[in-house]
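S.K.: Quick one: the structure is below, and I'll ask about it shortly.
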Amino acid sequence: MLIDCHIHSTISSDATSPIAAMCREAIRKGGAIICFTEHLDLNPADSNYGYYHHEKYTAEIGRAKMEFGEKIEILQGIEFSEPHAYPRDFERIVKNNFDFVLGSVHAFQGTWAGAEDILRKYSNEEIYEMHYSETLKMVQFGGFDALAHMDFPRRFLPEHKEPPDLIDSIFSTIIKAGIALELNSAPLNRGKGFSLPSPTLLGRYKDLGGRYVTTGSDAHTPDEICMGMEPLTAQIDLHRFEAVVYRGRKRFPVNTGAE
């Protein structure tokens with residue numbers, strides 16, 4: 001089954017198409033389950049700051065389910081950036097009826113991780129270190145369902161040796177908390193030869209007892225939706241991970257629909 005649990009529509013400021021158009025394309029490609037995970041960013045330096053509108057989002061999801069629900073399962077989620085930095089807002093927002101909550105790190109030092117001033121000021125090694133340090137803070141805070149694009153800096157920096165102590169701490173924390181690890185095909189879909197996380201990280205997750213993974217394209221355009229799922233499935237098979245989806249914040253195996 002094609003299952004894409006990381007999708008953005010025009011509910012996010014950096015996406016190009018409304019929910020209905022994304023659903024049509026997912027159906028055309030044979031998608032079975034999709035989950036919209038619209039950006040919610042509270043960092044003023046982020047382009048999505050102040051953009052999210054929950055009532056509009058919920059209304060569009062409702063219309064999409066009415067129109068397309070017999071052809072594809074449509075879930076409503078959110079991608080919350082740095083929830084540990086905004087604990088009261090996070091607690092308030094996740095009380096809404098989401099199916100799935102992604103936690104992600106897009107920023108540190110007060111700005112986006114790939115901002116020019118960050119890239120000029122710090123070495124690649126320092127940027128990776130800061131990213132994983134922020135990620136550890138986020139997973140220790142918890143409260144979300146899956147860790148999105150764990151090695152996010154690989155999107156804009158050369159691959160670098162990950163700090164082993166931080167990596168092990170991150171994985172140990174999410175495994176203990178029951179937080180899934182997202183497999184993200186966005187770099188593949190944008191002309192790069194890899195997905196996230198790296199093979200090294202996936203192997204370490206497995207070695208430490210990691211089990212649950214979600215799959216997502218991180219689509220911001222219709223052509224990206226449901227793309228790159230075959231390589232992610234191959235990684236799941238290689239490591240014998242259990243692919244899951246979330247409905248009403250509860251985890252389900254993708255093949256049975258039963259928890």
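Laboratory data are not the source of any read-out in this text; all were calculated from the coordinates shown. Predicted model, so just to flag it, every value in this text is computed and none were measured. With ideal geometry, Cβ positions are generated from the backbone for all residues, glycine too; neighbour counts draw on all protein chains shown.
S.K.: Keeping to the stretch 221-239, report how many residues are surrounded by 13 or more Cβ atoms within 10 Å (Cβ to Cβ), over 17 Å from Ala20 (Cβ atoms) and of a type in the set (A, V, I, L, M, F, W, C).
M.R.: Count: 4.
S.K.: Now a separate question. Name the one entry in Ala177, Ala186, Ala115 that is under 16 Å from the mean Cα position of the chain (by Cα) and either within 29 Å of Lys250 (Cα to Cα) or of a type outside the set (S, T, N, Q) (or both).
M.R.: Going through Ala177, Ala186, Ala115 in turn, the sole match is Ala186.
S.K.: At least 2 residues that are under 17 Å from Ala146 (Cα atoms) and touching a residue at least 12 places away in the same chain (Cβ under 8 Å) in each: list the strands (runs of 3 or more DSSP E) lying fully within the stretch 174-259 that qualify.
M.R.: 180-184, 212-216, 242-247
S.K.: State whether the residues of the stretch 179-202 include one that is closer than 20 Å to Arg154 by Cα, of a type in the set (Ser, Thr, Tyr) and crowded, with 20+ Cβ neighbours inside 10 Å.
M.R.: yes
One line per residue, one yes/no per condition, for (1) closer than 21 Å to Gln140 by Cα; (2) of a type outside the set (D, E, K, R):
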{"residue": "Ile7", "(1), (2)": "no, yes"}
{"residue": "Asp14", "(1), (2)": "no, no"}
{"residue": "Ala20", "(1), (2)": "no, yes"}
{"residue": "Glu25", "(1), (2)": "no, no"}
{"residue": "Arg28", "(1), (2)": "no, no"}
{"residue": "Cys35", "(1), (2)": "no, yes"}
{"residue": "Ala45", "(1), (2)": "no, yes"}
{"residue": "Lys56", "(1), (2)": "no, no"}
{"residue": "Arg92", "(1), (2)": "yes, no"}
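S.K.: Has the stretch 117-131 got at least one residue that is touching a strand residue (DSSP E or B) at 6+ places or on another chain (Cβ under 9 Å), under 25 Å from Cys5 (Cα atoms), touching a residue at least 12 places away in the same chain (Cβ under 8 Å) and buried (at least 19 other Cβ atoms within 10 Å of the Cβ)?
M.R.: The answer is yes; a qualifying residue exists.
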